[in-house]
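Visitor: Attaching a single structure in structure tokens format; questions to follow.
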Amino acid sequence: MKIAQTYSHLNGEEYILVHHEDLYKEICRLIESIDADQCLTKESKEKTKKGNLLYSPVSLNQAFRENFNTQGWTESRYEYYVTTDRQLLPELLTLPYGKQKDFLISKGINAPIASFKQTDFVKDKIAIEVQFGKYAFVAYDLFVKHLLFYTGGVINLGIEILPTKKMQSRMSSGVAYYEGEIYNILRHGRNNPPVPLLILGIEPASL
């Protein structure tokens, strides 16, 4: 595969070039080592594409997982307790998970609610999400997941990997694509979401 387009939000690309240039090269190399044509295995049942072979999100995700895991990129789970009390939130966010429950109980919350988020790959405080799903999943990654890991001090940068429109046109309907998601970010303004991001638009080398 190849990285066809990149978008740096809040100096995301600048951060990784200055602080983790070798990791950036590793990420690019791992993406380029994936043969997307080996994932052209999903037979379409849609009326406009019936019988055509499409890129399979399941096969693509598996290829990414296998490649990135070999270089120490592993799934990460961030656990936390939730509250709807805005006044408690600033202090709650500074506490380690093991102390959050007792803190909430001390403030009169009798049954604190535990929750968690997972991200595909994390290494040296850089998180990567590979997204071949529907539009809503990308918005969740960018405006909830990456932001939560960032404000929780788990990461310093979030990377989102998306298919370009050229690749998405050879996938099932409804899959999010790079150009559309960059447009959505630009519409939100320069500082939203408030987390450094690097968004990569990828496509098969054969396209």
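Visitor: Would you confirm, using the coordinates I've provided, whether Ile3 is aliphatic (A, V, I, L, M) and over 19 Å from Val175 (Cα atoms)?
Guide: Spelling it out, it is not the case that Ile3 is aliphatic (A, V, I, L, M) and over 19 Å from Val175 (Cα atoms).
Visitor: Which one is surrounded by the fewest Cβ atoms within 10 Å (Cβ to Cβ) among residues in the stretch 141-169 that are closer than 30 Å to Lys101 by Cβ and under 9 Å from the mean Cα position of the chain (by Cα)?
Guide: Lys145
Visitor: Okay, next question. All but one of (1) farther than 30 Å from Leu54 by Cα; (2) touching a helix residue (DSSP H, G or I) at 6+ places or on another chain (Cβ under 6 Å) hold for Val130; which doesn't?
Guide: Checking Val130 against (1) farther than 30 Å from Leu54 by Cα; (2) touching a helix residue (DSSP H, G or I) at 6+ places or on another chain (Cβ under 6 Å), the one that fails is (1).
Visitor: Exactly one of (1) modelled with pLDDT of 95 or more; (2) surrounded by 13 or more Cβ atoms within 10 Å (Cβ to Cβ) is unmet by Asp102. Its number?
Guide: Status for Asp102: all satisfied but (2).
Visitor: Within the group Leu17, Leu23, Leu10, which residue is touching a Phe, Trp or Tyr at 6+ places or on another chain (Cβ under 9 Å), over 20 Å from Lys165 (Cα atoms), hydrophobic (A, V, I, L, M, F, W, C) and modelled with pLDDT of 95 or more? Steps first, please.
Guide: Details: Leu23 fails: touching a Phe, Trp or Tyr at 6+ places or on another chain (Cβ under 9 Å); Leu10 fails: touching a Phe, Trp or Tyr at 6+ places or on another chain (Cβ under 9 Å).
Of the residues listed, the single one that is touching a Phe, Trp or Tyr at 6+ places or on another chain (Cβ under 9 Å), over 20 Å from Lys165 (Cα atoms), hydrophobic (A, V, I, L, M, F, W, C) and modelled with pLDDT of 95 or more is Leu17.
Visitor: Can you say whether Ala205 is surrounded by fewer than 20 Cβ atoms within 10 Å (Cβ to Cβ), touching a strand residue (DSSP E or B) at 6+ places or on another chain (Cβ under 7 Å) and touching a residue at least 12 places away in the same chain (Cβ under 8 Å), as far as the supplied structure shows?
Guide: Yes, satisfied.
Visitor: Out of Ile128, Ile155, report the one residue that is in contact with a Ser or Thr (Cβ under 9 Å, 6 or more places away or on another chain), among the aliphatic types (A, V, I, L, M) and closer than 20 Å to Val175 by Cβ.
Guide: Ile128
Visitor: So in the stretch 107-131, with the set limited to residues that are more than 18 Å from Pro196 (Cα to Cα) and charged (D, E, K, R), which one is modelled with the lowest pLDDT?
Guide: Lys117
Let's see how each residue does on (1) in a helix (DSSP H, G or I); (2) hydroxyl-bearing (Ser, Thr, Tyr); (3) touching a residue at least 40 places away in the same chain (Cβ under 8 Å); (4) in contact with a strand residue (DSSP E or B) (Cβ under 7 Å, 6 or more places away or on another chain):
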site	(1), (2), (3), (4)
Ile155	no, no, no, yes
Glu160	no, no, yes, yes
Ser172	no, yes, yes, yes
Gly180	yes, no, yes, no
Asn191	no, no, yes, no
Pro194	no, no, yes, no
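The values are calculated or read from the model by the stated rules, or taken from the named source; none is laboratory data. Fair warning: this is a prediction, and the values are worked out from it, not measured in the lab. Methodologically, a virtual Cβ is constructed for each residue, glycine included, from the backbone with ideal geometry; neighbour enumeration extends over all protein chains shown.
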